[in-house]
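Worksheet: one structure, shown below.
The values are calculated or read from the model by the stated rules, or taken from the named source; none is laboratory data. Keep in mind that this is a model prediction, so the values were computed, not measured. Cβ placement follows ideal geometry from the backbone for every residue including glycine, while neighbour counts extend to all protein chains displayed. In case anyone asks, the SASA skips ligands and DNA or RNA and just uses the protein heavy atoms, side chains included. Shrake-Rupley method; radii C 1.70, N 1.55, O 1.52, S 1.80 Å.
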Amino acid sequence: MMRMLRFLVLYAAVGLGANTASADTGALIALADGDLAKLQFHAEPRAVTQVTFKDSVGGPVSLSDYEGNYVLLNFWALWCAPCREEMPALNALDKKFEGQNFEVVTVATGRNARPAVDVYFEKENFTNLPKLFDPKMALARDFGATALPVSVLIGPDGREIARASGAVDWASPAAIKLFQTWMAD
């Protein structure tokens with residue numbers, strides 16, 4: 001029902017002349033089933049912030065560093081159980097599309113001690129995910145990520161097309177199909 005409602009809203013927006021994120025946004029909405037129903041697609045792509053955050057050694061990182069790639073930006077924290085629940089799926093998704101113009105960008109927001117993140121990544125064998133930090137939550141605030149986890153889909157043009165709040169099985173067959181369809185656009 002929710003999927004049909006989303007499709008009808010998109011159909012009406014296109015009919016009224018709205019500029020959608022891509023010509024095939026309707027196809028992505030149709031694929032957003034199960035956990036993926038949490039994805040809220042925008043009628044028009046949104047510019048993303050250029051607030052810098054930190055890499056694992058404290059160097060500056062910006063979302064502009066990922067332009068040209070399809071990006072799944074994920075805000076998470078060590079203390080957040082749903083965040084930790086979805087991290088293995090994020091790692092598997094990144095492995096699935098390794099070598100393609102796709103990046104899973106995991107950003108630990110708030111107070112997350114780097115040594116504790118290192119231990120967690122090593123224990124869980126997260127070999128594909130980047131260790132990025134937003135200690136003052138500036139990036140998360142600019143994205144309106146007030147509850148965790150939040151995941152944001154950003155196109156190669158550096159514009160947000162959709163977001164999801166709450167844990168999602170990003171390695172599910174439905175998610176894989178959604179990303180394959182998006183990247184084939």
With every protein chain in place, the chain: carbon and sulfur % of accessible area (1.4 Å): 54
Length-normalised contact order of the chain, Cα under 8 Å, at least 6 apart, in percent, tallies to 31
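Under a 1.4 angstrom probe, counting protein chains only, how are E103, E122 ranked by accessible area, largest first?
Details: E103 65, E122 155 Å².
Largest accessible area first, the list is E122, E103.
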Relative contact order for region 83-171 using alpha-carbon pairs under 8 Å, separation at least 6, rounded to a whole percent? 35
From the Cα gyration tensor of region 32-80, with a ≥ b ≥ c the square roots of its eigenvalues, which class applies: rounded if a/c is under 1.5, or else prolate if a/b is larger than b/c, or else oblate? oblate
Take the cross-link list K96/K123; K38/K177; K131/K177; K38/K131; K54/K96 and give me the ones stretching past 19 Å between alpha-carbons. K96/K123; K131/K177; K38/K131; K54/K96
If each DSSP helix of 4+ residues adds -39,500 (n - 2.57) and the sum is divided by the residues in the chain, what number results at 222 nm, nearest 500 deg cm²/dmol? -11000 deg cm²/dmol
Contour minus Cα-Cα distance for R159 and E122 (0.36 nm per residue): 10.1 nm
Under a 1.4 angstrom probe, counting protein chains only, how are T146, T106 ranked by accessible area, largest first? T146, T106
If Rh is defined by the Kirkwood formula over all Cα pairs and Rg also comes from Cα, what ratio Rg/Rh do you get for the chain? 0.96
With labels modelled as points extended 7 Å from the Cα through the Cβ direction, what inter-label distance (nm, one decimal) is found for D65 paired with A113? 2.4
So, for region 34-185, what is the accessible surface per residue at a probe of 1.4 Å, expressed in square angstrom? 45
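So what's the net charge close to F126: Lys and Arg +1, Asp and Glu -1, counting the other residues with Cβ under 15 Å from its Cβ?
Result for the neighbourhood of F126: -2.
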Charge context of S165, other residues only, Cβ under 13 angstrom, K/R +1, D/E -1: 0
